[in-house]
Amino acid sequence: MELEAFVAVAEELHFGRAAARLHRGQPTVSDAVRRLENTLGGRLFHRTSRKVSLTELGEALLPDARATLAQLRRFQQRGRSLAAGDQARTTLVVAHAEYTGHQLLLRCLPQLRERFPDVTIVPEAMPTTAQLPALRAETIGLGIGWATDGISGVTARVLSTERFMALVPEAHPLAGHAELTASELSTTALLTWPHQINSGLCDRLLAAFHIGGADLRIIRTADSVHAIAAHVAAGTGIGITVESALDHQPPGLRIIPLTGPSTTADQVVLTPTEPSDTATALRDLLLNASAELLSTDH
């Protein structure tokens, strides 16, 4: 319960919403977080009457907490399968980070299932930072995420290079631009993904602004492109996302690419150093599908 409460509060940044998500009372969730903090000997959250935010300790431990919960779910699933006598089947857990393009995965999974009918395929949302230790421990078989520092002990292949895109209200003064630079967005109120979900993307975006001598002013984060678009439509600011995460044209908004150094990010497919046959097959399917899409776009 303690880890579930920690992750829920970290993702919601609100104890009430976390409690509703877990179908528990708010005091129960608060007590669980407090017990975990006492065990660790440090605070996981800064709490005020108006705001909840992660401490440095909380941000550092969140990927590990997510990975541990994911491993526990896989343990429970495997235990139920074995208890039911389903010992002949094997499992491939496919992790995918938020903001990665899911179209490739949706395109390739039916082909993989056709090739390996006896393998149970389990897609699971997981940040890139949590995928890396899970791949090293081989608790997941393949991951799709974003290039980031610290990719060691796993094999990374580039699936695609994605441009950062700005979501701009049609009435905004910048809406008429064909492209936008970091300096043109300097001091503008920006909405984007949380660092704990996609540290690689955040670091890349920060580099773009640093190289351009501009100020990066992120005023709000959201876990999905749809949530970012809603805040932009409400007039909160300008949204930043990546091209592959946009599966439709949000009404009332313009999608404008960013231009300049570090305004692209590599989407990667990650496998253990010695992947299973199923993981190898899925990796190759993803790479081939990505290459086909790239050739048709040109």
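The values are calculated or read from the model by the stated rules, or taken from the named source; none is laboratory data. Keep in mind the model is a prediction, meaning the values are calculated, not measured. Note that we place each Cβ from the backbone using ideal geometry, even for glycine, and neighbour counts take in every protein chain shown.
If you go through segment 197-240 and pick out every residue that is under 17 Å from THR187 (Cβ atoms) and hydroxyl-bearing (Ser, Thr, Tyr), you end up with 1. The test for being surrounded by 13 or more Cβ atoms within 10 Å (Cβ to Cβ) and farther than 24 Å from ARG220 by Cα does not hold for ARG21. The residues of segment 163-191 that are closer than 17 Å to VAL225 by Cβ and under 23 Å from the mean Cα position of the chain (by Cα), listed by number, are ARG163, PHE164, MET165, ALA166, LEU167, VAL168, LEU190, LEU191. Scan segment 250-290 for residues that are more than 24 Å from ALA229 (Cβ to Cβ), aliphatic (A, V, I, L, M) and under 23 Å from the mean Cα position of the chain (by Cα) and jot them down. If the condition is that a residue be more than 24 Å from ALA229 (Cβ to Cβ), aliphatic (A, V, I, L, M) and under 23 Å from the mean Cα position of the chain (by Cα), then VAL268, VAL269, LEU270, ALA279, LEU282, LEU285, LEU286, LEU287, ALA289 are the ones that fit.
Taken together, the residues in segment 6-29 that are small (Gly, Ala, Ser), part of a helix (DSSP H, G or I) and either at pLDDT 90 or above or over 16 Å from THR55 (Cα atoms) (or both) amount to 4.
Looking across segment 27-64, the residues that are under 12 Å from ALA8 (Cα atoms) and out of contact with any strand residue (DSSP E or B) (no Cβ under 8 Å at 6 or more places or on another chain) come down to VAL29, SER30, ALA32. Suppose we filter segment 236-286 for residues that are more than 16 Å from GLU98 (Cβ to Cβ), buried (at least 16 other Cβ atoms within 10 Å of the Cβ) and among the small types (Gly, Ala, Ser); how many remain? So the count comes out to 6. Considering every residue within segment 31-48, establish whether at least one is more than 19 Å from PRO194 (Cα to Cα), modelled with pLDDT under 85 and assigned to a loop (DSSP other than H, G, I, E, B). Yes, that holds for at least one residue.
What do you reckon, is LEU36 surrounded by 15 or more Cβ atoms within 10 Å (Cβ to Cβ) and in contact (Cβ under 8 Å) with a residue 40 or more places away in the chain? No, not satisfied. Considering segment 127-159, and only residues there that are buried (at least 17 other Cβ atoms within 10 Å of the Cβ) and of a type in the set (Gly, Ala, Ser), the residue that is nearest to GLU274 (Cα to Cα) turns out to be GLY141. Examine segment 101-112 for a residue that is polar (S, T, N, Q), farther than 22 Å from ALA245 by Cβ, part of a helix (DSSP H, G or I) and at pLDDT 85 or above, and state whether such a residue exists. Yes, some residue in segment 101-112 is polar (S, T, N, Q), farther than 22 Å from ALA245 by Cβ, part of a helix (DSSP H, G or I) and at pLDDT 85 or above.
Every listed requirement among (1) over 28 Å from GLU292 (Cβ atoms); (2) modelled with pLDDT of 90 or more is met by ARG115 save one, (1).
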